[in-house]
Amino acid sequence: MTCSGEGRACDLSTQFTAFISTMICRMAISTTSLCEVNDANGIYGLVKEFVELAAKLSLGEVLGPLRKLDLFGYGKRIQEVVAWFDQVVEGIMKEHEENFEGRTKDMMDILLQVYRDPNAEIKLTRKNIKSFFLDFFLAGTDTSAVTLQWTMAEIINHPQVLNKLRAEMDSVLGSTRLVNESDVPNLPYLQAVVKEVLRLHPAIPVNVREPAEDCIVNGYDLKAHTRVMFNFYAIMRDPEVWPNPDKFIPERFLVNRSEINGRDQLVMDKKGQDFTYIPFGRGRRGCPGESLALTVIHATVGALIQCFDWKIDGGYKVNMEEGSGFSLVLAKPLVVHPITRFNPF
Ligand code: HEM
């Protein structure tokens, strides 16, 4: 709203990262003071550095026995970052232990309760809690933020999709109120758009698994502890499964109109319920944040569509080039001009 009021462009990439990081911090530790995206010593800064170093370290594994020498110093730096993260989270834990009266419980309070409970079914150590938070921030922030970027980029580049989304929202919500989470089941086209974005631009394009025992997968013998890489990106663009695999076609997830409540509606197709569609992985180690991520992404995209028109400088399309990093990112930041069309505040 501020960018729109001042008639200036807005860097949605940065805004989405800040938004998701703030949301996760609020849920996890009820504060946002340690979650500034630009604070190198805050939680997000540490997690970001950890990811970058971890990527360099895995690359260093190609050095074989030489990696033990830590030629580039990444191993030493990662230990320093982990020690600093440990210290920051220890501070948050102490603060939660000292001031828990009269507050709504957050995720840290619940984990500390289990840690203190001598009869708890699962014994948690302080280290377990810290590792959990590292995993949670690592896996939860960038993934949702980049999916929001790709979704807005695809919508801006496909005006016919934007018009269809607006028509659906107008018919379900009218023109006087903002979308909220409970509306999402009634917005199948919005769900299909996000689904198609996750097919084309999975936040985690490649995944690694390591079987604990010898096993056979698809006719291949795998020895225990063999690292296997899964290319989610290629699986979800397989032309044998997905016609026009590189095209953005949300309708592929919808079946023909049917009569529901006396009104014509689009209905979600079952497509994507198998191993050909796996943006969140599958099985025991599948993403535990899937429903949280989808809830936030649907409501956020819905609100951005309702409230603004989006213009690119010079009227060009968004550059969809892919960048490199832990998550599949847009190579260039998504900088756009929002023009207010509905202000619910
Ligand atoms: C669009 C957003 C997201 C995408 C595309 C995504 C995708 C994934 C994928 C592909 C995996 C690996 C699954 C596997 O190995 O089978 C994963 C794991 C994980 N995700 Fe997500 N994720 C998203 C959002 C979130 C959020 C919001 C959270 C929590 C706040 C979260 C927490 C986790 C955790 C903790 C793991 C590790 C699970 C484990 O190793 O057992 N994710 N995610």
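Any read-out appearing in this document is the output of simple, stated calculations on the displayed coordinates, not a laboratory observation. Bear in mind that the values here come from a model prediction, so they are computed numbers and not experimental data. Counting neighbours? That spans all protein chains shown, and the Cβs are built from the backbone with ideal geometry, glycine included.
Points worth noting:
- Set 195/317; 127/223; 105/127 screened for pairs whose C-alpha atoms are more than 25 Å apart: 127/223
- Cysteines not pairable in the chain (beta carbon separation under 4.7 Å absent): 215, 287, 307
- With neighbours defined as other Cβ atoms within 10 Å of a residue's Cβ, the residues 169, 23, 152 order from fewest to most as 23, 169, 152.
- Order of 170, 246, 86 - criterion: other Cβ atoms within 10 Å of each residue's Cβ, fewest first: 246, 170, 86
- Measure of compaction for the chain (Cα Rg per 2.2 N^0.38 Å): 1.10
- Estimated vicinal HN-Hα couplings, Hz - the stretch 195-201 in sequence order (Karplus 6.51, -1.76, 1.60; Gly, Pro = x): 4, 5, 4, 5, 5, 7, 10
- Footprinting exposure proxy for 199, 116 (fewest neighbouring C-beta atoms within 10 Å first): 116, 199
- Report summary: the helix-based calculation at 222 nm, which adds -39500 (n - 2.57) for every DSSP H run with n ≥ 4 and divides by the residues of the chain, gives -15000 deg cm²/dmol.
- Relative to the longest principal axis of the Cα atoms of the chain, the long axis of helix 159-173 makes an angle of roughly 90 degrees.
- Net +/- balance of residues flanking residue 51 in space, Cβ distance below 14 Å, scoring K and R +1, D and E -1: -1
- Amide H within-cut-off set for residue 330, under 5 Å, with H built and near neighbours excluded: 323
- Near residue 222: Cβ cut-off under 13 Å, other residues only, Lys/Arg at +1 and Asp/Glu at -1. The net charge is -1.
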